[in-house]
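Written below as structure tokens is the structure these notes are about.
None of the figures in this text is laboratory data; all of them are computed from the coordinates on show. Only a predicted model underlies this, so the values are computations on that prediction, with no experimental measurement involved. Every residue, glycine among them, receives a Cβ derived from its backbone with ideal geometry; neighbour counts consider all protein chains shown.
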Amino acid sequence: MTVTADLAISLDGFIAGTSVTVDNPGGDGAEPLFEWIHNLASWRERQGMAGGEDNRDSEVMREWFDATGAVVMGRTMYDTGEEFWGDNPPFRTPVFVLTHRPRPTLVKEGGTTFTFVTDGIHSALDRARAAAGDRNVDIAGGASTVRQYLAQGLVDELQLHVVPALLGAGLRLFEGLGRRDLEPLRVVDTPLATHLKYRFVGG
């Protein structure tokens with residue numbers, strides 16, 4: 001079982017734009033980070049839609065879906081996605097939401113459950129590992145949540161989908177993390193994005 005983080009990122013290191021709100025989950029100016037995904041066959045399938053492009057980008061996304069057995073996310077990511085995901089969210093696995101606001105577990109269609117964890121990142125990760133079995137745990141976001149796990153050395157592999165855009169401002173993924181050494185595992189280059197997979201090495 002591997003702990004992963006899988007994120008779209010701009011060339012200048014942003015994973016969201018400015019002014020992220022419930023009504024504006026990607027932030028201002030962040031459309032290039034996400035619009036390339038929306039017509040991929042694997043993504044559309046997870047949203048309950050047919051069709052889409054069945055290309056190398058779609059294969060990369062499908063690999064992530066198939067390998068992930070549980071997800072950890074922050075409360076802001078949950079709040080910004082709750083209405084959009086609806087009754088049949090795309091995760092189809094247990095999701096553990098870091099929060100200071102307790103809430104009963106929500107059972108959704110398609111195998112997704114949202115469990116709200118109030119006792120910190122280690123507890124959420126332990127519960128996700130137990131739920132994932134031999135599949136991976138993915139630290140989904142947002143930026144603050146991923147940075148907390150990166151800072152504690154709790155992420156084993158990082159996959160970045162680098163899109164050809166400069167946002168200029170927004171939420172940076174690697175702000176304040178200091179030096180970390182990574183081993184490159186794979187590069188997949190397509191017209192839509194460059195998909196980079198790394199393994200963290202050392203402590």
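In terms of Cα atoms, the Rg and Dmax of the chain work out to 16.0, 44 Å. Structural descriptor for segment 7-136: relative contact order 19 percent, calculated from alpha carbon pairs under 8 angstrom and at least 6 residues apart.
Overall, the anisotropy analysis places segment 1-100 in the rounded class: the square-rooted eigenvalues a ≥ b ≥ c of its C-alpha gyration tensor yield a/c less than 1.5. Taken about its Cα centre, segment 69-118 carries a charge dipole of roughly 200 debye when the Cβ of each Lys and Arg holds +1 and the Cβ of each Asp and Glu holds -1.
Computed about its Cα centre, the charge dipole of segment 78-185 is approximately 180 debye, with only Lys, Arg, Asp and Glu carrying charge at their Cβ. Here the simple spin-label model places points 7 Å from the Cα toward Cβ, and for residue 92 and residue 189 these points are separated by 3.2 nm. Going by the alpha-carbon gyration tensor, a ≥ b ≥ c the square roots of its eigenvalues, is segment 19-76 rounded (a/c under 1.5) or, if a/c is not under 1.5, prolate (a/b greater than b/c) versus oblate? Oblate, because a/c is 1.5 or more while a/b does not exceed b/c.
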